[in-house]
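Participant: One structure, as structure tokens, below. Some questions next.
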Amino acid sequence: MIKVSNWAVTARSRVIGIGETVLDILFKDDQPQKAVPGGSTFNSIVSLGRAGVPCAMVTEAGGDHIGDIICRYLSDNGVSPEYVCRHEGIKSHISLAFLDENNDAQYVFYKDHASVSLDGKLPEITRDDVVLFGSFFAINPAIRKVVGGLLHAAREAGAWLYYDVNFRKNHIADLPDVMGNIEENMQLADVVRGSVEDFGHLYGLQNGDGIYERVSRFCSTLILTDGAGPIRVYTPEGCETYAVQPVETVSTVGAGDNFNAGYIYAMMQGAHNQSARIEVAQRWSQDVCRQMGNNISDQLAEYYKSQSNR
């Protein structure tokens, strides 16, 4: 499939997120600190909405009180909940995030991936749109027909697609069933973003050049992150490396998600070079690390809302 490389933001542009939604309960020293709706793509979309970018979220939630909280949270942060598929009689998913001494999170999920379904209203994606997708939701065999169909429609329409691999260790046993979906997602994407850890799980690779050689079979642009290590952006022209700025963390939950959001924001505001996009991506990621939450702060959101070209 031929990818469109001349995508440009217009007055009709919006970001459409495709991903799971959970209620994140954050713990420190085994005590609950905060509960907030989350999910990888969800966190990115909410931060973009807070910064004034028109957004919509394609996801599913139960017909319960947590589902009500999720939909309200989207609306309150400028994100359309029109495409949240609600299921009466089904419980919304919950995630427990236990912060260690470095404020990195270890997760325990309470959800049943086999019960996920997308049988509600879906957006009509156009060439003006950006599509952000990733994690297990984007490869789940239970909903692949719907998600894959939506991604192919977006590609054919000429939208700009950003794929965050975000493949967790607990899904390694699923690899024989989902590897084809992962690589199809890469082929559909304009940009693939993943961590060294992700590709270690997928391909057993740790070397950046080796990882790009594998990814470049499907997508020509790879953003490779490595925790506190340098960020590498691979394209056919070569590899650009960016140091990660040190930050005193309160929680790292949402750090990568807001990196994605900041990168997309900068791209939509006309930042054509990678260094400008990575600078904003790091700023958004660092901001969320300084607080107990999943999204950029009110202060940063208001600043970027005032900088918007639209």
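The values are calculated or read from the model by the stated rules, or taken from the named source; none is laboratory data. This is a predicted model, so every value here is computed, not measured. Backbone-built Cβ (ideal geometry, glycine too); neighbour counts: all protein chains shown. Just so you know, the surface numbers come from the protein's heavy atoms only, side chains and all, with ligands and any DNA or RNA stripped out. Shrake-Rupley method; radii C 1.70, N 1.55, O 1.52, S 1.80 Å.
Participant: Leaving out ligands, DNA and RNA, what percent of the accessible area of segment 124-215 is carbon and sulfur, probe 1.4 Å?
Facilitator: Here carbon and sulfur together make up 47 percent of the probe-accessible area.
Participant: Hey, another quick one. Of all beta bridges DSSP finds with both residues in the chain, what is the antiparallel percent, to the nearest 5? Intermediate results must be reported in sequence, preceding the final value.
Facilitator: On the way: 22 of 55 bridges.
That works out to approximately 40 percent antiparallel.
Participant: Just to be sure I understand the model, the point goes 7 Å from the Cα along the line to the Cβ. What's the resulting Asp119 to Glu240 distance in nm?
Facilitator: A separation of 4.7 nm, rounded to one decimal place.
Participant: Now a separate question. So what is the relative contact order of the chain, in percent, for Cα pairs below 8 Å that sit 6 or more residues apart?
Facilitator: Numbers: 648 pairs, mean separation 55.7, N = 310.
Averaging sequence separation for qualifying contacts and normalising by length gives 18 percent for the chain.
Participant: Under the Kirkwood approximation applied to all pairs of distinct alpha-carbon atoms, what is the hydrodynamic radius of segment 224-263 in Å?
Facilitator: Values: mean 1/r = 0.0871 Å⁻¹.
Taking the inverse mean of 1/r over all distinct Cα pairs, segment 224-263 comes out at 11.5 Å.
Participant: How many nm separate the modelled label positions at Asn273 and Val247, each set 7 Å beyond the Cα in the direction of the Cβ?
Facilitator: Spacing of the two 7 Å Cα→Cβ label points: 2.3 nm.
Participant: Quick check on segment 149-262: what are the equivalent-ellipsoid semi-axes from the Cα gyration tensor, as sqrt(5λ), descending, whole Å? Kindly include the intermediate steps, with their values, before the conclusion.
Facilitator: Values: eigenvalues 100, 59, 50 Å².
Equivalent ellipsoid semi-axes, largest first: 22, 17, 16 Å.
Participant: About its Cα centre, what dipole magnitude does segment 96-202 give when the only charges are +1 on Lys and Arg Cβ and -1 on Asp and Glu Cβ, stated in debye to the nearest 20? Before the final figure, lay out each step's value.
Facilitator: Working: 9 positive and 17 negative charges, 57 e Å.
Once rounded to the nearest 20, the dipole reads 280 debye.
Participant: Mind checking the per residue accessible area of segment 45-100 for me, 1.4 Å probe, whole number of Å²?
Facilitator: On the way: 2010 Å² over 56 residues.
Normalised by residue count, the accessible surface of segment 45-100 is 36 Å².
Participant: If you don't mind, there's one more thing I want to ask. Using 1/(1 + (r/R0)^6) with R0 = 25 angstrom and r between the beta carbons of Arg72 and Gln33, what's the FRET efficiency to the nearest 0.05?
Facilitator: Working: r = 21 Å, r/R0 = 0.84.
Efficiency, from the Cβ-Cβ distance: 0.75.
Participant: Segment 94-218: Rg/Rh from Cα coordinates, Kirkwood Rh? Could you put the intermediate results ahead of the total?
Facilitator: Numbers: Rg = 15.6 Å, Rh = 15.8 Å.
Across segment 94-218, the Cα-based Rg/Rh ratio is 0.98.
Participant: Hey, rough spin-label estimate for Gln291 and Tyr107, points 7 angstrom out along Cα→Cβ, what's it come to in nanometres?
Facilitator: Modelled inter-label distance: 2.1 nm.
Participant: Please give the per residue accessible area of segment 126-167, computed with a probe of 1.4 Å over protein heavy atoms only, in Å².
Facilitator: Numbers: 1060 Å² over 42 residues.
Each residue of segment 126-167 exposes 25 Å² on average to a 1.4 Å probe.
Participant: With bins 10 Å wide starting at 0, give me the P(r) of segment 1-108 over every alpha carbon pair, in whole percents.
Facilitator: 14, 39, 29, 14, 3, 0
Participant: What lysines does Lys145 reach when the alpha-carbon gap must be under 19 Å and sequence neighbours fewer than 8 apart in one chain are set aside?
Facilitator: Lys121
Participant: Considering the alpha-carbon set of the chain alone, what are its Rg and its Dmax in angstrom?
Facilitator: Just the Cα atoms of the chain yield Rg and Dmax of 17.9, 52 Å.
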